[in-house]
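Heads up, the thing below is written out as structure tokens.
The numbers here are math on the coordinates, done by the rules we state, and not lab data. Quick caveat, the model's predicted, so the values are computed rather than measured. Neighbour counts are summed over all protein chains in view; Cβ atoms, including those assigned to glycine, are modelled from backbone coordinates with ideal geometry.
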Amino acid sequence: MEEMSKDSNLRYRAIINAYYRRAVGALLVYDVTRHITFENVEMWLKELHDHTDANIVIMPLGNKADLRHLMAISTEEGKAFAERESTYFMETSGVESTNVENAFTEVLTQIYRVLSRKALDVGEDPVAASSLKGQTINMGGKDDVSAVKKVGCCSV
């Protein structure tokens, strides 16, 4: 039985390495009404740091912000975690469609900045050097949400 468990773990690790290898961004979604989901964010963050490039864009995302009366993780706790880990932060509500598009737009904006900065560091054209060459990303006609990351790292 123990050998099967070790076998499964080795297969899992092989898949993880392949899966994370080219990741450039991650949304770590937790349920603001269930503290255990927030505790798991730390484990997933460690997993990302262990298996991805140091420049990966990460955003812990507190979901179900519409359920303020049931909140187990305060906005301040989420912000403090994000600041401590040097990540972005946002709260969303899928039901009310609050900040969902903004979260994706912010992560895409920051990924583009990271890829552009990397390309400039090696003296390449940022657009030509990105893995998005030849593809169009429609980010909508909304205002630039890069201002979401104010002093520090956090936004609601």
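With a ≥ b ≥ c taken as the square roots of the eigenvalues of the C-alpha gyration tensor of the stretch 6-123, please select rounded if a/c is under 1.5 and otherwise prolate if a/b is larger than b/c or oblate if it is not? Oblate is the answer for the stretch 6-123, as a/c is 1.5 or above yet b/c matches or exceeds a/b.
Across the stretch 40-45, coupling constants 3J(HN,Hα) worked out from phi with the 6.51/-1.76/1.60 Karplus curve, θ = phi - 60°, read 5, 4, 4, 5, 5, 5 Hz, and Gly and Pro carry x.
For residue 101 and residue 17, a Förster radius of 30 Å and the Cβ-Cβ distance give a FRET efficiency of 0.40, rounded to the nearest 0.05. 3J(HN,Hα) along the stretch 92-105: 10, 9, x, 5, 8, 6, 8, 6, 5, 5, 4, 5, 5, 4 Hz, from the Karplus curve 6.51 cos²θ - 1.76 cosθ + 1.60 with θ = phi - 60°, whole Hz, x for Gly and Pro. Less than 5 angstrom separates the built amide H of residue 61 from those of 28, 29, 30, all sequence-distant by 5 or more or on a different chain.
For a quick check of your reading of the filter: which GluC sites (Glu not before Pro) in the stretch 36-111 sit in a DSSP loop and have no more than 12 other Cβ atoms within 10 Å? All intermediate terms of the calculation are to be shown ahead of the outcome.
Values: sites: 39, 42, 47, 76, 77, 83, 85, 91, 96, 101, 106; in loops: 96.
In loop regions of the stretch 36-111 (DSSP not H, G, I, E or B), the sparsely surrounded GluC sites (Glu not before Pro) are 96.
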